[in-house]
1. State yes or no: is residue 393 touching a Phe, Trp or Tyr at 6+ places or on another chain (Cβ under 9 Å) and surrounded by 14 or more Cβ atoms within 10 Å (Cβ to Cβ)?
2. Condition test on residue 126, is it at positive phi and open to solvent by 10 Å² or more (accessible area, probe 1.4 Å)?
3. Quick check on my filter: what residues within segment 91-111 are out of contact with any strand residue (DSSP E or B) (no Cβ under 7 Å at 6 or more places or on another chain) and open to solvent by less than 20 Å² (accessible area, probe 1.4 Å)?
4. If residue 179 satisfies all but one of (1) open to solvent by less than 10 Å² (accessible area, probe 1.4 Å); (2) within 30 Å of residue 139 (Cβ to Cβ); (3) hydrophobic (A, V, I, L, M, F, W, C), what's the number of the condition it fails?
5. List every residue pair whose Cβ atoms sit under 9 Å apart, with the two residues 6 or more apart in sequence or on different chains, where the first one lies in segment 295-319 and is free of Cβ contacts under 8 Å to residues at least 24 places away in the same chain and the second, anywhere, is open to solvent by less than 20 Å² (accessible area, probe 1.4 Å) and acidic (Asp, Glu).
6. Taking only segment 223-243 into account, find how many residues are free of Cβ contacts under 8 Å to residues at least 40 places away in the same chain and not aromatic (Phe, Trp, Tyr).
7. Among the candidates 64, 82, 58, single out the residue that is surrounded by fewer than 21 Cβ atoms within 10 Å (Cβ to Cβ) and modelled with pLDDT of 95 or more.
8. Those residues that are closer than 15 Å to residue 138 by Cα and either exposed (fewer than 14 other Cβ atoms within 10 Å of the Cβ) or free of Cβ contacts under 8 Å to residues at least 24 places away in the same chain (or both), I need them from segment 396-406; list them, please.
Amino acid sequence: MALDRRVGILLIAIEIIMIPLFGFQLYYGRDANPVALKLKSDHPSYYPMFQDVHVMLLVGFGFLMTFLRRYGYSAVSFNFLLSAIVMQWGLLIQSFFKGQGISIISLIETDISVAAVLISFGCILGKTTPAQLVLMALLEVPIYLLNEYIGDKMSVPDPGGSIYVHVFGAYFGLSVSRILGKPKCSNLEATSYNSELFAMIGTLFLWVFWPSFNGVLCNADDEQQRAIINTYIALTASCVTTFAISTLTDSNRKLTMGHIQNATLAGGVAVGTVTTLMIHPFGAIIIGIGGGVISTLGFVYVQKWLERRTGLHDSCGVHNLHGLPGMFGGITSAIVAAIASQEVYGPRLFLIYKARAPEAFSPELKELQHSLIQVLPGENRSALGQAVYQLLGLAVTLVVAVTSGIFTGLILKVTSRWTGTVPEEYIHNDELYWNLEQEEDKKTRPLELETGSNNTLNVV
């Protein structure tokens, strides 16, 4: 049975299975249900930001992965396919975890889980079959939601996903990649002028819409304002810093396109966990600078060292854009949590850090929460205790991501007889899956003999 036929059968089977699952498990939430007899939702309009996140996933992530000169069709299209499957699967798994109906909030939360899967996809770009990608996504989503659930129970807030999205997605994908191994043939792991330009389109879309990603699920208007402001500033700082570090670390004092495509986004990753907090503009610019420096140096030094010493092959350099800046963001969140006080935030402090709320409210706090916010009694956790929990949440995410990634990689290996594997000569090569008759030189020159500049410094 041909590989493409197996993929088609798998996709049809998934959709057929989704019909009864959707019928028995999913239902409209209160805001989408006419029985509620509401003329207007309690929630503000989330659709504009939801649309921004949607564009990030399908256009931003999709085009950012088109940097390989012979894998553009597959990169943008498999990104599209994985997104659609995870959007369906994520709604189902969310319903199992949370037991709530579908609303615009559910769609946003599902889109965020899609981001984690696409980050992992970047680690194994061009090295796996579509069936393997689908299997990885189906396994990753429930683990991602379980890790997020654990973090919520630990009262470790992460509104922009530095920990739960970027760190988890990066180290899950890197673990899968390590198990699958480094490809022996890398002749087509190269870029071209046009492929790099297409990838830059993805960068610009991600850069423009990143404030929406970090601020879409904020609890209050003031938090959303801070999220947008802080992300905006951090992104500008990482952009400028990346141009500087890329030039300074190059022997010819020239820019590397892979750095500009990726490390310029690192500020948005790094500021995610503290994006709603009172870090002030100077804090946002410091975090953005730090993210840009860490990410660019990761591309220049860390990625090559890891591949040489451990055999870890990271197709898109996910570790440098998502892993390292995400870790930096998690550590930053501990520092900010240690200095967060009620004098600065008022009773909203206990909405951000739920465990810091007193076990029993004073009459003054009761009056404030009834007039301003609804806060539930907490554990009376100290500021230092919250900082420790932020680091603990980061550590737990790393352990869950690495162990589950190794497990998933082993499953992909064991099931490869059915899901197939990519022959060495077709790694990073569209010809295995697509009709490329329009290429004039297809019959006259084998793809593996073509030459081109080798540049793998690109990321999801």
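The values are calculated or read from the model by the stated rules, or taken from the named source; none is laboratory data. Because the structure is a prediction, the values reported are computed rather than measured. Because the Cβ atoms are built from the backbone with ideal geometry, glycine has one as well, and the counts that use them run over all protein chains shown. Quick note on the areas: whole protein, heavy atoms, side chains included, nothing else; ligands and nucleic acids left out. Shrake-Rupley method; radii C 1.70, N 1.55, O 1.52, S 1.80 Å.
1. Judged against the criteria, residue 393 is a match.
2. Details: at positive phi: yes; open to solvent by 10 Å² or more (accessible area, probe 1.4 Å): no.
Judged against the criteria, residue 126 is not a match.
3. Narrowing segment 91-111 to residues out of contact with any strand residue (DSSP E or B) (no Cβ under 7 Å at 6 or more places or on another chain): 92-100, 103-111.
Of everything in segment 91-111, those that are out of contact with any strand residue (DSSP E or B) (no Cβ under 7 Å at 6 or more places or on another chain) and open to solvent by less than 20 Å² (accessible area, probe 1.4 Å) turn out to be 92, 93, 94, 95, 106, 108, 110, 111.
4. So the condition that residue 179 fails would be (1).
5. Close Cβ pairs satisfying both conditions: 306/314.
6. 2
7. Unique residue meeting the criteria: 58.
8. Hits for segment 396-406: nothing passes.
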